[in-house]
1. In this structure, does residue 67 turn out to be farther than 20 Å from residue 20 by Cα and open to solvent by 20 Å² or more (accessible area, probe 1.4 Å)?
2. Among the residues of the range 89-108, write down those that are touching a Gly at 6+ places or on another chain (Cβ under 9 Å) and either exposed (fewer than 15 other Cβ atoms within 10 Å of the Cβ) or among the aromatic types (Phe, Trp, Tyr) (or both).
3. Going through the range 70-88 one residue at a time, which ones are crowded, with 20+ Cβ neighbours inside 10 Å and touching a Phe, Trp or Tyr at 6+ places or on another chain (Cβ under 8 Å)?
4. From the list 145, 106, 150, which residue is at pLDDT 95 or above and more than 18 Å from residue 25 (Cβ to Cβ)?
5. Go over the candidates 49, 36 one by one and state the one that is outside any helix (DSSP H, G or I), within 21 Å of residue 87 (Cα to Cα) and of a type in the set (A, V, I, L, M, F, W, C).
6. Yes or no: the range 108-115 includes at least one residue that is under 25 Å from residue 15 (Cβ atoms) and among the hydrophobic types (A, V, I, L, M, F, W, C).
7. Within the range 88-132, restricting attention to residues that are touching an Asp or Glu at 6+ places or on another chain (Cβ under 8 Å) and in contact (Cβ under 8 Å) with a residue 40 or more places away in the chain, which residue is nearest to residue 149 (Cα to Cα)?
8. Mind checking which residues of the range 11-40 are surrounded by 21 or more Cβ atoms within 10 Å (Cβ to Cβ), closer than 30 Å to residue 120 by Cα and not hydrophobic (A, V, I, L, M, F, W, C)?
Amino acid sequence: MPTTSATPTKADDPVAAKIPKAARAKTQRGAEAFAAFYMTQVNRAFTRADPTQLEGLSRPGCNICRAFEEGAEDMKKEGVHHQGLSIEPTSATIQRYDEVAQSVLVWTTQHSVPVVNREGKQVRTTTGSKGIFLATLVYDKHWWVNKLQVAK
């Protein structure tokens, strides 16, 4: 008797399941929403000292993405985390969207927040600034960050 397996749904894919509905669409608006969502996940990775917040959202060749993951991992090992909103995406706008490339400019605010240890004692403070990232995306069942660059 032949066996069949169910086709995975978004609910069966743990990565797709954590991506907000608006950020799943293979559209310009979906790409913008995904790029902003990715930066929100970077914030979660640092406020929770949990690099798994970024799992499955970027391709292995994305160097800045790896640096974010490694930074969250280092914080986990050190036993510290950001206390409060540290990286905030303030807007995301399509820079290019065609068959060749999909890229989004993401404006961010880096807030100055305490970095605290497990006991809640402040050990340092992040530096506040504003910046722009250029997120080059690819779509394969959901959006992925293929490359992240500092635009400003």
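The values are calculated or read from the model by the stated rules, or taken from the named source; none is laboratory data. Keep in mind that what you see is a predicted model, and the values were worked out from it rather than measured. Note that each Cβ is placed from the backbone with ideal geometry, even for glycine, and that neighbours are counted across all protein chains shown. To get the accessible areas, we keep the full protein, side chains included, count just its heavy atoms, and leave off ligands, DNA and RNA. Shrake-Rupley method; radii C 1.70, N 1.55, O 1.52, S 1.80 Å.
1. On the way: farther than 20 Å from residue 20 by Cα: yes; open to solvent by 20 Å² or more (accessible area, probe 1.4 Å): yes.
Answer is yes for this residue.
2. 107
3. Taking the range 70-88 as the starting set, the residues that turn out to be crowded, with 20+ Cβ neighbours inside 10 Å are 72, 75, 80-82, 86-87.
Listed by number, the residues that qualify are 72, 75, 81, 82, 86, 87.
4. Details: 145 fails: more than 18 Å from residue 25 (Cβ to Cβ); 106 fails: more than 18 Å from residue 25 (Cβ to Cβ).
One residue alone meets the criteria, 150.
5. None of the others qualify; the one that does is 49.
6. Within the range 108-115, the subset under 25 Å from residue 15 (Cβ atoms) is 108.
Within this subset, residues satisfying the condition of being among the hydrophobic types (A, V, I, L, M, F, W, C) are none.
No, the range 108-115 contains no residue that is under 25 Å from residue 15 (Cβ atoms) and among the hydrophobic types (A, V, I, L, M, F, W, C).
7. Residue satisfying both the conditions and the ranking: 104.
8. The answer is 38, and nothing else.
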